[in-house]
1. Taking residue 54, is it assigned to a helix (DSSP H, G or I), crowded, with 16+ Cβ neighbours inside 10 Å and at pLDDT 85 or above?
2. Are there helices (runs of 4 or more DSSP H) fully within the range 99-161 with at least 1 residues that are under 22 Å from residue 88 (Cα atoms)? List them.
3. Restricting attention to the range 67-81, does a residue exist that is touching a Gly at 6+ places or on another chain (Cβ under 6 Å) and either crowded, with 19+ Cβ neighbours inside 10 Å or part of a helix (DSSP H, G or I) (or both)?
4. Can you work out which of the residues in the range 43-84 that are of a type in the set (A, V, I, L, M) and free of Cβ contacts under 8 Å to residues at least 24 places away in the same chain is nearest to residue 113 (Cα to Cα)?
Amino acid sequence: SLDLADQRPEAARARLQRLLDQDPANSSARSALLSLEIDRGASGDELIAMARQAVKLAPTSRELRLDLIRMLLAKPDARGAAQVAQESAGLLGEDPELLAAQGQAQLLAGEANLASKSFARLQALKPGLPQVHLWLADAYREAGDGARALQALKAGLQRLP
């Protein structure tokens, strides 16, 4: 906003809060407020609490759900991130970015079999992306399936530019 351009984060925060008082489910304003709090140096726990509240108020906001997942992964709370990602996929459907976040969270939480399923669904949506195949290879490797890991790795390497 103009307040941020003028180096006035408190004015920007107040403006966003007024918007949220009028429309608590305004996901753009909630996301902007989260960004301001990150810039302010808010603690991870504060940010996660704000993000959880934002998701409660705007449950269909893909961006707010991704923000919460990323914050949980950074904490690190991979199990919490995997749970939010699973709920998000159930509510918002087969969104590629949510599936990627879900698979990454599941892999970090030690749920390699679930991660491989998430990455396989993502691969079906985005078969040409090398990164998806490489994530799938990691999941298969962690699950102890070396043959499928090698196959996914080769597929990913073949798709590199």
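The values are calculated or read from the model by the stated rules, or taken from the named source; none is laboratory data. Everything numeric in this text was worked out from a predicted model, so none of it was measured. FYI the Cβ positions are ideal-geometry reconstructions off the backbone, even for glycines, and counts take in every protein chain you see.
1. When the stated conditions are applied, residue 54 passes them.
2. 112-125, 130-142
3. Yes - at least one qualifying residue is present in the range 67-81.
4. Out of the qualifying residues, it is 68.
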